[in-house]
Amino acid sequence: MNFTIDLRYAFRLLLNKPGFSALTIAVMACGLGLCIYMYSFLYAIMFKPLPFENGERMVMVDKQVDGVLHNGAQVKFDYYQDVKRQTTSFELFSAMAQYTLTISGGDNAANYLGVYSHSDIFEFTQVKPIMGRAFNQADDTPGASAVALIGYDLWQGYFAGREDILGHQFYVEGEKTEVIGVMPKDFLFPRANQLWLPIKLQPQKYQRGSGPSLQVYGLLKQGVDIDQANQEMAQIIDQTNREYPEYNTGEQLVAITFMHSAMGNGIMPIVIMKLVAVTLVLLLACVNVANLLYARSTERAKETAIRVALGAPQSRLILQMMWESLIICTIGGTFALLMAAYGLEVTSRILPSFLSGRAPFWWHIQIDGSQVLFTVVLTLVTAFITGILPALKIINGDFNAILRDGTRGAISRKAKKAAQLLVIFEVTLSVGLLTAAVVMTKAAQSAVETDYGAKTSQMLTAEVSLPQSSYDQPEQRLSYYNKLLAELNNIAGVQGVGLTTALPAQNGRYRAVMPEGFELTNDNRAPMAVAVDVMPGTMEMMHYKRLKGRFFTASDNSQSEAVVIVTQSFADKAWPSQQNILGKRLKWAGNNDDKWYRVVGVIDNVIHGQPFADFKYRPSVYRSFLQTAPYYGRVALATDGDPNQLRQALVSAFDHVDGLVPAYRIKTIEQVLERNTAAIGFVIKLFMLFGIIATVLAASGIYALMSQTIGQRTQELGVRRALGATDDNVIHMLLKQGLVQLLIGTLVGLPLAYLFGTSIMALIGVDDWQIYAVFAYVPLFIAAVVILATYLPARKAVAVEPNVALRYE
């Protein structure tokens, strides 16, 4: 009976003051909504296990060099074989190699992401084809007939869903291949694949240091965690490096989740900052609601004292206050869940625009049962937090003094101190969050405006991959590239054509390099560099900044001495304190390539990848395309007009050279730059949203608290004015008290802001002194908010005549 009475009483109290109720519910909905959204978003992309049986035990095995994780990088074949032979942590340990593959049916060609793997890839996922069969060990045997499983989308799109697809033959990289199965519609493992082929490795044919690099995945044994597996792999690799020190390039193998691998290096600091920021916003919302309920309990102090005097138990009074908080948080939590669901729906629509390819198949960004459970738990926790402050006031209240005083307007010293501490707390959080948000925005803006070291405007790019079966000889590949460049140069409006394996802002292979005379020891690792092949004339066309020596020429071909051009950052690392490095030699470390390359030129640093800390300062080593003749390349067409107008002509040029080698990933270089910074831009917008909401919550909370506190001091202020204090004296006194709280809150909040800000700047790789000005003008903005929140209720208080104020209840 008491339960229903107390519940109805709490509802009546809220309905009696609809404005108060609406405000508290809105504040709580904002805090809870952001927290639920961020938890759901991060859980979906970072922590939710793969949607397979034993998904929580599936890991990728990546390489780590000098503490830096190279997400998605390939593992040396020797390391893979050593771990596979000795591991006791993995139930399954296997390898694959992913490529963009050219397929054709005889007269038309297309590119799809494919993977060469062992037959156990389908044992790993426990997913069976909807038609046909999976691989068996015979398919993986060298010399076996070429077979493939295809994805559902590939079947429906390229093959038009033909019912006789099983046994159908088509060409993959120029090799006739038979379809033996079709995978389910949503099966895209390991990332967004549509084609699976046997890898057909022959370990016995490779000598130490000569095998291919592979992507490695594993299934942890029951009861084995990632840390245990990493410790075991570290021991195995250390033993290998001691036995074969000449192949030691300082690499270690590290098991990480597929989600971590897809998000890239440096994601965990961002995740932590997001969680801290959203927690602070929720805490700020809780404080605001607690403030309002605390002020409400102060207004009802006399009523509460009378009920205590009449015999009402404190436990029941506390329960009634907690019911009020629970109702507010429950309604706010309901609205928060709806807001979060809408936010996740919008995010799932816009997120693909931030990615260079298709989103990972496990990204299902939506509200599910775990998010609903999280909302319920979070609502109960916030209800307790927001209800405990006014409940403590009931427990510790001096009801005899309240009844003796006969007023409800007086504010005790303890209540005054509590109000001051709450204002300081709100200032601290708002300074920290808003400063961090503005710093991130400024730092990201600097990153967007980064000079990549080459021309990055009015250019159209495309990728080309030559099938090995048709272009197995270097002369054939170079002949194709020369014909392609000639066709592209003939397009109207094209002012220059370049060919390279990695354009500025695009990733290149990060490899260990052995400079001549460099001593490789356990304490002195070979320097790392981005390996790029460049066609002569490309560097000039793209305005690379030559510092010493020369660019590549047509004479740098297979008949001449092998040469390289290096960035100044590589020269400083490989030959420190040497002014002239022209003529120096180097070779690639950790493999059986003993060819020495002579340095003929030095250029300024060029950024290959995102303009952030890890990629921004990576050195590069460039080889002549004519000496390497790679199977893969990226073309760049320069124009003084709109590069998008060249798309059709570019496609036609590719078709004219070889209709079975299509261009793919056609985009302007500006689009590449936008995608490079789009993800961090999304994070920045979230942080700005956190900062704005935190400021609004803090401003409203400070105003509500100052207004309530000053209102409760109306009688005191009336006495001061009756004794001769002017209105200005009273206002100045209140402003001074508010500024003291502001100063304390700012001094506490600035270290928090500095910690956030410097972490963000280090992560992005920006050190712009102008950004530090944020630490000055954000507190000034918060100061204006506090002054306004104090001045307005102060003006309202002095507008009450002293004789009225003395009788204020």
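The values are calculated or read from the model by the stated rules, or taken from the named source; none is laboratory data. Every value quoted in this text rests on a predicted model; they were computed, and no experiment measured them. Note that we place each Cβ from the backbone using ideal geometry, even for glycine, and neighbour counts take in every protein chain shown. For accessibility, only protein heavy atoms count, side chains too; no ligands or nucleic acids. Shrake-Rupley method; radii C 1.70, N 1.55, O 1.52, S 1.80 Å.
Need one word for the range 448-543: rounded, prolate or oblate. Basis is the Cα gyration tensor (sqrt eigenvalues a ≥ b ≥ c); a/c below 1.5 gives rounded, then a/b vs b/c decides.
Working: a/c = 2.72, a/b = 1.44, b/c = 1.89.
In terms of gyration-tensor shape, oblate.
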ask   = Simple spin-label model, 7 Å along Cα-to-Cβ: Tyr631 to Tyr754 in nm?
value = 5.5 nm
request  = Using a 1.4 Å probe and counting only protein heavy atoms, arrange Tyr206, Tyr777 so the residue with the most accessible area comes first.
outcome  = Tyr777, Tyr206
request  = Check every DSSP H run in the chain and write down those whose alpha carbon atoms cover 30 angstrom or more along the long axis and whose mean Kyte-Doolittle hydropathy is 0.5 or greater.
outcome  = 18-42, 267-299, 314-350, 369-396, 413-448, 669-712, 727-764, 774-798
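Express in nm, to one decimal, how much length is gained between Leu380 and Glu449 on full extension, taking 0.36 nm for each residue of separation and deducting their alpha carbon distance.
Values: separation 69, 0.36 × 69 = 24.84 nm, distance 4.57 nm.
Contour length minus the Cα-Cα distance gives 20.3 nm.
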ask   = Using the Cβ atoms and a cut-off under 15 Å, what net charge is assigned to the surroundings of Ala694, where Lys and Arg are +1 and Asp and Glu are -1?
value = +1
inquiry  = For Cys35, what accessible surface area do you get with a 1.4 Å probe? Give it in Å², rounded to 10.
reply    = 10 Å²
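Quick one: dipole size for the range 543-648, taken about the Cα centre, charges +1 on Lys/Arg Cβ and -1 on Asp/Glu Cβ, in debye to the nearest 20. The partial results should precede the final answer.
Working: 15 positive and 9 negative charges, 49 e Å.
Here the range 543-648 has a charge dipole of around 240 debye.
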task = With a 1.4 Å probe and all protein chains in place, put Phe384, Phe258, Phe374 in order of accessible area, largest first.
result = Phe384, Phe374, Phe258
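Can you pull the percent of the chain's accessible area that's carbon plus sulfur, 1.4 Å probe, other chains left in place? It would help to have the intermediate numbers written out before the result.
On the way: 19460 of 34830 Å².
Carbon with sulfur: 56 percent of the solvent-accessible area.
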task = Go ahead and run the numbers for FRET between Tyr342 and Asp655, Cβ-Cβ distance against an R0 of 41 Å, rounding to 0.05.
result = 0.35
note = Output ordering of 109-118, 132-141 (per-residue mean of other Cβ within 10 Å, highest first) is 109-118, 132-141
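What do you reckon, how do Trp155, Trp588 stack up by accessible area (1.4 Å probe), largest on top?
Numbers: Trp155 25, Trp588 5 Å².
Descending order: Trp155, Trp588.
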request  = With a 1.4 Å probe and every protein chain left in place, tell me how much accessible area Glu670 has, in Å² to the nearest 10.
outcome  = 60 Å²
query = So, in nm, how far is label Arg509 from label Lys796 when the simple model puts each one 7 Å beyond its Cα toward the Cβ?
reply = 7.0 nm
query = Using a 1.4 Å probe, what is the accessible area per residue for the chain, in Å²?
reply = 43 Å²
request  = Note down the relative contact order for the range 148-235 as a percent, whole number, built from C-alpha pairs under 8 angstrom at least six residues apart.
outcome  = 30 percent
remark   = In deg cm²/dmol, rounded to the nearest 500, the helical mean residue ellipticity at 222 nm of the chain, built from -39500 (n - 2.57) for every DSSP H run of length 4 or more, is -16500 deg cm²/dmol
Given Lys84/Lys221; Lys483/Lys587; Lys63/Lys548, the pairs whose alpha carbons are separated by over 25 Å = Lys483/Lys587; Lys63/Lys548
remark   = With +1 at each Lys and Arg Cβ and -1 at each Asp and Glu Cβ, the charge dipole magnitude of the range 526-576 around its Cα centre, to the nearest 20 debye, comes out at 220 debye
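Summing +1 for each Lys or Arg and -1 for each Asp or Glu, what net charge is found among the other residues whose Cβ lies under 13 Å from the Cβ of Ile581? Write down the numbers at each step before the final one.
Working: positive: Lys548, Lys573, Lys584, Arg585, Arg598; negative: Glu516, Asp572.
Neighbour charge sum, excluding Ile581 itself: +3.
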ask   = Points 7 angstrom from Cα along the Cβ direction at Glu175 and Thr726: gap in nanometres?
value = 9.4 nm
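Let me check against my output: what whole-number percent is the relative contact order of the range 27-154, with C-alpha pairs under 8 Å and at least 6 apart?
Details: 81 pairs, mean separation 16.9, N = 128.
About 13 percent, as a whole number.
What order do you get for 157-168, 741-752, 15-26 when each peptide is scored by the mean count of other beta carbon atoms within 10 Å, highest first?
741-752, 15-26, 157-168
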task = Work out how much length Gln204 to Ala492 would gain on full extension: take 0.36 nm times their residue separation and subtract the Cα-Cα distance, in nm to one decimal.
result = 98.4 nm
ask   = What's the extension gain from Thr4 to Lys587 if we count 0.36 nm per residue and subtract their Cα-Cα distance?
value = 201.7 nm
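State whether the range 192-272 is rounded, prolate or oblate according to the following rule on the C-alpha gyration tensor (a ≥ b ≥ c being the square roots of its eigenvalues): a/c under 1.5 gives rounded; otherwise a/b larger than b/c gives prolate, and the remaining case gives oblate. Working shown, then result.
Numbers: a/c = 1.75, a/b = 1.22, b/c = 1.44.
Oblate shape, in that a/c is at least 1.5 and b/c is the bigger or equal ratio.
In whole percent, what relative contact order does the chain give with Cα contacts below 8 Å and a gap of six or more residues?
On the way: 1413 pairs, mean separation 138.5, N = 809.
Relative contact order for the chain comes out at 17 percent.
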